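The values are calculated or read from the model by the stated rules, or taken from the named source; none is laboratory data. Predicted, not measured: the structure shown is a model, and the values here were computed from it. A quick note on method: Cβ atoms are made from the backbone with ideal geometry, for glycine too, and the neighbour counts reach across all protein chains shown.
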Amino acid sequence: MSAEATAPGKIILFGEHSVVYKGPAILLAVDRRATVIASKRDDKRIYIDSEDLGFSGYFEDGKYTSVTGKIWRGRNMAALDVAARKVMAYLGIESGVNLKVRSMIPIAVGLGSSAAVCVATTAAVGELFDGNLTNEKISELSYEGEKVIHGNPSGADNNIATYGGIMRYERGVGLKRLKLDVSLPFIIGNTRKKRSTRNMVEGVKALRDRNPEVVDPIIYTMASLSQAGLDALLRRETKKLGDLMNLNQGLLSALGVSTIELDELVYAARREGALGAKLTGAGGGGCMIALAESENLNKVEKSIRAARGHSMRVNITDEGVKTRKIKDEYS
């Protein structure tokens, strides 16, 4: 018997970088998901098979051994080792597990891939050992895996991957989960350029340290844009929402976190009728998002592809982490 769990990716609609200092970030769960199938082992190894991440191997006593001959450099798989072991420690179980990881979420481009996989791992291992983990506990334990990758993350990504829907996160205030009554599609444009969130945040901090009298007003304006954007989203005022996205992109560019590749995709989307387009995530590469009326969605997607971006259409989803037992043997 094995157990399967899936969890959604996310986009940041507003609040990149400004959330570090003031105001909220607005996160949306999207219908691109990561899947983890967990099965028991006779030893204490955590064996991870991940075609999407490009390798397979196992952790034993904190050390990673590749079985594909590829050199492992990332922290993503160590995060899964930590998440799985935290679940078993919480349940008082000593065991090893096989983790079969598959994901529809591109890696290291700001779409919440690591959080979705950590949450799915936590939930799958909990289900495998009949742990009856609540969503609150799944989010809490998966956060331990996220810390391996991001150091001191806000906790927003593992929460949105656990609960789905719309989330307002503000430092010192916490998380507030919201729902949208109707579907609202966004188009993601991926530059395919990976980047480090940590490096981008540190770059903005250095800019602010040198020029606080200029950067602080930008951050305060972005903070007010985040709340106004959430209000427009919940009221489904799409034209206003698009305006605010465009304004936010300008401010992010002023902070130096946009790139030529991101700008090309943003302006390609706007040329074909996007109501709004902006980068999503830390910038420096990764993805942008566009909002368009239904008659322009195809044109916007084609324009992004013509500008050498990879496009995908997503919808906001209220469906967070899901688990089930499966009879198929791990393979």
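Data table
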item	result
Which listed residue, of Ser258, Ser253, is in contact with a strand residue (DSSP E or B) (Cβ under 8 Å, 6 or more places away or on another chain) and modelled with pLDDT of 95 or more	Ser258
Failed item, numbered, when Ile26 is tested on (1) at pLDDT below 95; (2) among the β-branched types (Val, Ile, Thr); (3) touching a Phe, Trp or Tyr at 6+ places or on another chain (Cβ under 6 Å)	(1)
Positions within the range 242-268 being of a type in the set (Gly, Ala, Ser) and in a helix (DSSP H, G or I), in sequence order	Gly242, Gly250, Ser253, Ala254, Ala268
Hits in the range 158-204 - residues which are surrounded by fewer than 17 Cβ atoms within 10 Å (Cβ to Cβ), of a type in the set (D, E, K, R) and in contact (Cβ under 8 Å) with a residue 60 or more places away in the chain	Arg171, Lys179, Arg192, Lys193, Lys194
Some residue of the range 288-311 being out of contact with any Cys (no Cβ under 7 Å at 6 or more places or on another chain), part of a strand (DSSP E or B) and either polar (S, T, N, Q) or in the same structural domain as Gly164 (by TED's automatic domain parsing) (or both)	yes
Single residue of Ala161, Ala156, Ala115 found to be under 26 Å from Val67 (Cα atoms) and not assigned by TED's automatic domain parsing to the domain that holds Ser253	Ala115
Gly276 being at pLDDT below 95 and either hydroxyl-bearing (Ser, Thr, Tyr) or over 30 Å from Leu128 (Cα atoms) (or both)	no
Matching residues in the range 36-57 - criterion: being part of a strand (DSSP E or B), crowded, with 18+ Cβ neighbours inside 10 Å and modelled with pLDDT of 90 or more	Val36, Ile37, Ala38, Ser39, Ile46, Tyr47, Ile48, Asp49
Hits in the range 313-331 - residues which are of a type in the set (A, V, I, L, M), over 17 Å from Gly276 (Cβ atoms) and modelled with pLDDT of 95 or more	Val321
Conditions (1) at pLDDT 95 or above; (2) of a type outside the set (A, V, I, L, M, F, W, C); (3) outside any helix (DSSP H, G or I): number failed by Lys239	(3)
Residue in the range 238-253 that is acidic (Asp, Glu) and loosely packed, with under 14 Cβ neighbours inside 10 Å present	no
Residue pairs meeting the criteria (Cβ under 7 Å; at least 6 apart or on separate chains; first without any contact (Cβ under 8 Å) to a residue 60 or more places away in the chain, in the range 109-120; second buried (at least 24 other Cβ atoms within 10 Å of the Cβ) and hydroxyl-bearing (Ser, Thr, Tyr))	Cys118/Ser142
Subset of the range 258-281 [hydrophobic (A, V, I, L, M, F, W, C) and crowded, with 24+ Cβ neighbours inside 10 Å]	Leu262, Leu265, Val266, Ala268, Ala269, Ala274, Ala277, Leu279
Boolean, Gly126 is under 23 Å from the mean Cα position of the chain (by Cα), surrounded by fewer than 16 Cβ atoms within 10 Å (Cβ to Cβ) and either closer than 22 Å to Thr6 by Cβ or not assigned by TED's automatic domain parsing to the domain that holds Gly283 (or both)	no
Subset of the range 115-152 (residues that are more than 12 Å from Val82 (Cα to Cα), in a helix (DSSP H, G or I) and among the hydroxyl-bearing types (Ser, Thr, Tyr))	Ser139
All positions within the range 78-114 that are assigned to a loop (DSSP other than H, G, I, E, B) and either surrounded by 20 or more Cβ atoms within 10 Å (Cβ to Cβ) or among the charged types (D, E, K, R) (or both)	Glu94, Ile105, Pro106, Val109, Gly110, Leu111, Gly112
Any pair with Cβ under 6 angstrom, 6 or more apart, that starts in the range 58-69 at a residue that is at pLDDT 85 or above and ends at one that is surrounded by 11 or more Cβ atoms within 10 Å (Cβ to Cβ) and not in a strand (DSSP E or B)	Tyr58/Arg45; Phe59/Asp81; Glu60/Arg45; Tyr64/Trp72
